[in-house]
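The values are calculated or read from the model by the stated rules, or taken from the named source; none is laboratory data. Model, not experiment: these values are computed from the prediction. All Cβ positions, glycine included, derive from the backbone under ideal geometry; neighbour counts span all protein chains shown. Remember, those area values only see protein heavy atoms, side chains included, never the ligands or the DNA or RNA. Shrake-Rupley method; radii C 1.70, N 1.55, O 1.52, S 1.80 Å.
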Number of protein chains: 2
Amino acid sequence: MMASVYYRMPPTPATPATPAAPAAPSSPRQAARKKAAIDRMLDPELFKALADPTRLKLLACVLKCGRGCSVTEVAACCSVDFSVVARHLSVLARAGLLSATKDGRTVWYAPRGDALAERFRRLADAIDEWTPAQCCTTTAKLKRTGPRGCC
Amino acid sequence: MMASVYYRMPPTPATPATPAAPAAPSSPRQAARKKAAIDRMLDPELFKALADPTRLKLLACVLKCGRGCSVTEVAACCSVDFSVVARHLSVLARAGLLSATKDGRTVWYAPRGDALAERFRRLADAIDEWTPAQCCTTTAKLKRTGPRGCC
DNA sequence: GCAATACTTGCATGATGGCGTCAGTATACT
DNA sequence: AGTATACTGACGCCATCATGCAAGTATTGC
């Protein structure tokens, strides 16, 4: 039987087994640097902080607001307990997604939108700049030679 | 006492309470559209798929390889059980981060680097393009008037 | 000092999710 | 046909974590 597609494969067409040689093949040293960039930007801690729906909603709230928000204020947007909101905001601040400034008895959580956008953009760049090309064998050749470690 | 800083506040300087009016204030309709864009791009499912260190390592492996990889092959890179690798790759494919093509008895998981980069770049754009400005009161005014819902 | 506000922290609970083992299915090879 | 390969699915175990409640701390206002 012919190759059949699993799951969804939305907008962009499926990556062909042998990619159409993108850009120029970089030097091994440069390739290693770009590989390292991908590893560095693919930080589990960042994504863990963003993985919870409630936390994400709170982040969006502060982000859309644009100014510093107190915990009380953010909690007003959300149906969860106050302590939950306080904890989530603290997690987001610890992950560098919000900045926290204490003034008297209230804490102002301000969006770090620029930093966040910058982080995602760099990640996108790291992925884009990585031109695989010569790293391993092609899929076709692999079928003959059998599997081997790819990293 | 003066305002003191919590946690870390790395590279970029702290967002001042009253931001230096970025760009031109958009129309309410346009503002709503940009807010919606942030909500749309801030998808918990995407981040959940990326939140696990092992899964992230496997994604990086396929990404760096650039070509389609079989489960067996990817499993060779990693110290975890074969079934774990298979499951992780399937999760990544379901999240649209890899494409899965079955050919005979082996499944080729190919990187969707372009789609992934595009997704992060759009997220960055959505955040960047959002100019808060007039959405709520400033932090300073808020201190006098007391907290109010921000979203 | 006393009370109210703003937030933090500890604790119990329940849900989610990652992991390995093992059995099952589908395809390829001889 | 029989065996090996490549993967999927169903359990159970365990760690992590999100949540709510309730008690504690720190600051402000009277």
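Looking only at region A:38-49, how many residues end up being more than 7 Å from chain B (Cβ to nearest Cβ) and open to solvent by 20 Å² or more (accessible area, probe 1.4 Å)?
Residues that pass the stated criteria total 4.
In region B:113-121, is there at least one residue being farther than 21 Å from A:K35 by Cβ, more than 15 Å from DNA strand C (Cβ to nearest atom) and among the hydrophobic types (A, V, I, L, M, F, W, C)?
no
Going through region A:50-62 one residue at a time, which ones are open to solvent by less than 10 Å² (accessible area, probe 1.4 Å) and away from DNA strand C (no atom under 15 Å from the Cβ)?
The answer is A:L59, A:A60.
Among the listed residues A:A32, A:A110, A:A75, identify the single one that is in contact (Cβ under 8 Å) with a residue 24 or more places away in the chain and either more than 7 Å from chain B (Cβ to nearest Cβ) or outside any helix (DSSP H, G or I) (or both).
A:A110
Within region B:82-114, take every residue that is within 16 Å of B:A60 (Cβ to Cβ) and among the small types (G, A, S) and give me the one that is surrounded by the most Cβ atoms within 10 Å (Cβ to Cβ).
In this case the residue turns out to be B:G113.
Please go through (1) touching a Lys or Arg at 6+ places or on another chain (Cβ under 8 Å); (2) at the interface with another protein chain (Cβ under 8 Å from one of its Cβ atoms); (3) within 12 Å of DNA strand C (Cβ to nearest atom) for A:L92 and return the number of the only condition it doesn't satisfy.
(2)
Would you mind stating whether A:G68 is open to solvent by 40 Å² or more (accessible area, probe 1.4 Å) and within 15 Å of DNA strand C (Cβ to nearest atom)?
Taking the combined requirement at face value, the residue does not satisfy it.
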